[in-house]
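The values are calculated or read from the model by the stated rules, or taken from the named source; none is laboratory data. These numbers were taken from a predicted model, which means no experiment stands behind them. Please note: Cβ atoms are built from the backbone with ideal geometry, for glycine as well, and neighbour counts cover all protein chains shown.
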Amino acid sequence: MTRAQAIPGEHVRIAMDAWTEPYWLAAKAGRLVAPRCAICGTFRMPPGPFCPECQSQQIDWAELSGEGVLFSFAVCHRSPFPGKVADFTYVPAVVSLPDAGGVRLVSNLIDVEPESIRIDMPLQVVFSEIAGGWKVPLFRPTRGS
Amino acid sequence: MGTKQALSRRVSIVGVGMTRQGAHGDADGQALALQAFRSAMEDAGIRDKHRIDGLLGAKQFDGSGIDPVLFSRAAGITPSITGALDYATAAFTLHYGAALIASGACDMLAFVYGRNPPGSMVELSGAQEYDLVHGFFNAAAVHGLSWVEHMHKYGTTTDVLGRIAVQSRRHAELNPDAAFREPMTMDDYRNSRSMIWPLREYDVCRMSGGAAAIIMASSEVARDCAKLPIDFLSIGREATHALERGVQMSFSPERRAARQLYEAAGIGPQDVDVLFPYEATTVAAVAALENYGFCEPGGCEAFVGDGSRIGINGDLPMNTHGGHLSGGYLIGLTHHVELVRQLRGECGPRQVPDAKVGLYASGGGIRAQFYHAATLFARGDWNA
Ligand SMILES: [Zn+2]
């Protein structure tokens, strides 16, 4: 049994612009947020400059509970950094966020046996340190579920 | 020019050529592409290369591939239109080429592509960055996600994927130009390494070297060419911008591309004699069966059965050259070369009896967009 691990943080570097910076600043402080259009209320993910419904650029950053529901996943056994990091098991996942209108986040599942992962399982966000002192939101199964 | 007819011309493929796919030592992609171009021109019976008035190339995300201006210079031609699309797999580029001919901007156009990438014959294809922050090191991870959802929703298993892989290999065994020809069984498939669960090693295509060229012309020009022209009947397209907001990645519940394709041609899936799905993985092949109406959503496993149905003598022969999986990965061009040869009846031991209508179907995408793009082709006497 190999538990799903996070991608080794020192190898994960994020690129940032004015539209994504609030998302990463919140993650660094241990908060999951999502951009919601200040005009029509539509959530969007990933963060970007225009509302896909009304093209407004005004954003409210909504504070989320960090609860998610697993949409789908795959289990990878090969290192994404061949030659630098030995092979390990990690789980790319697409997570629906019920309190952000169901928009989905691309993330990873950690602290779970791959064999026990099921679509629709409830998840909770955790924040994992990456290069430059930043943090990335990952998910693990909700305790007691 | 200027007549109404000139803006609605019919378009045909008049010549195809390709090199053997596989190991090519240190040959470069452009040298291979020049070989393929020459054989496509010979195939079309075009002696004067200056009749080519459009040249389309294609590049990969890593910058490898064919620059259409440099290629034209190397080939000694001066086409009035050159170009390469941002995402230049075969359907996109041929649809663009067909539009240039249908509009009257070009009379005879070549699409050429060749590559001999590092890691040829060994490395998995599709390893460009998808979302490296989350470890999507390969486009196959997205197909893996799609298949996990399919299994959850319909109770399907990976066995159907294995049937696709094994059947592709059987076809490649009959194709001397295919890259991977050693026999493979379902046991070999089941015992192959788990790369990106639920996908195994044989679900994902590998890098290989090779080139292909396709010559297209207006149907009037096509009459002067040496071989039976293969006509474009119709095109189907569909795209979604966002995995984060949209539906499934590989399977299209809306089937807009299929509807557009069949309605424009006035035919249905039952009229297709041979199917060519663009498959970076086996998942894309079974998705094409569902997306283009050969079976119901969730029905691909029952449809494929033991695999004979998609064999040369089955109801729906599929990727008769071995596809990307066993034939070699060339962004869908070898699929078109084989489709044209099948409809002309040139495929020898792997010829599908009396094939008149062929469907090329691609689906997949990159982080920013997931798409379906397909073309129906037919020989001139298909509805006689
Ligand atoms: Zn809005």
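Structure data summary
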quantity: Residue in region A:36-77 that is surrounded by the most Cβ atoms within 10 Å (Cβ to Cβ), counting only those that are more than 9 Å from the ligand (Cβ to nearest atom), more than 12 Å from chain B (Cβ to nearest Cβ) and part of a loop (DSSP other than H, G, I, E, B); calculated: A:64
quantity: Residue check, residue A:22 more than 14 Å from chain B (Cβ to nearest Cβ) and more than 16 Å from the ligand (Cβ to nearest atom); calculated: yes
quantity: Filtered residue count, region B:153-184, keeping only those that are at pLDDT 95 or above and within 14 Å of chain A (Cβ to nearest Cβ); calculated: 5
quantity: Checklist (1) modelled with pLDDT of 90 or more; (2) in contact with a Ser or Thr (Cβ under 9 Å, 6 or more places away or on another chain) applied to residue A:34, failing item; calculated: (2)
quantity: Set B:334, B:320: member being surrounded by 24 or more Cβ atoms within 10 Å (Cβ to Cβ), assigned to a loop (DSSP other than H, G, I, E, B) and in contact (Cβ under 8 Å) with a residue 40 or more places away in the chain; calculated: B:320
quantity: Filtered residues of region A:87-114 (kept if among the charged types (D, E, K, R) and facing chain B (nearest Cβ under 10 Å)); calculated: A:104
quantity: Candidate set: region A:25-35, residues that are crowded, with 19+ Cβ neighbours inside 10 Å and away from chain B (no Cβ under 11 Å); chosen: the one nearest to the ligand (Cβ to nearest atom); calculated: A:35
quantity: Conditions (1) closer than 24 Å to residue A:120 by Cβ; (2) free of Cβ contacts under 8 Å to residues at least 60 places away in the same chain; (3) more than 15 Å from the chain's Cα centre (by Cα): number failed by residue A:2; calculated: (2)
quantity: Total residues in region A:21-35, condition part of a helix (DSSP H, G or I) and free of Cβ contacts under 8 Å to residues at least 24 places away in the same chain; calculated: 2
quantity: Output for region A:87-131, where each listed residue is farther than 19 Å from residue B:196 by Cβ and outside any strand (DSSP E or B); calculated: A:97, A:98, A:99, A:100, A:101, A:102, A:103, A:111, A:120, A:121, A:130, A:131
quantity: Pairs, first part of a helix (DSSP H, G or I) in region B:277-301, second surrounded by 24 or more Cβ atoms within 10 Å (Cβ to Cβ) and among the charged types (D, E, K, R), C-beta under 6 Å, six or more apart; calculated: B:282/B:203; B:285/B:279
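Each row is one residue, and each column tells you yes or no for (1) under 16 Å from residue B:97 (Cβ atoms); (2) buried (at least 17 other Cβ atoms within 10 Å of the Cβ); (3) not assigned by TED's automatic domain parsing to the domain that holds residue B:139.
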site	(1), (2), (3)
B:19	no, yes, yes
B:28	no, no, yes
B:37	yes, yes, yes
B:48	no, no, yes
B:52	yes, yes, yes
B:58	yes, yes, yes
B:61	no, no, yes
B:76	no, no, yes
B:80	yes, no, yes
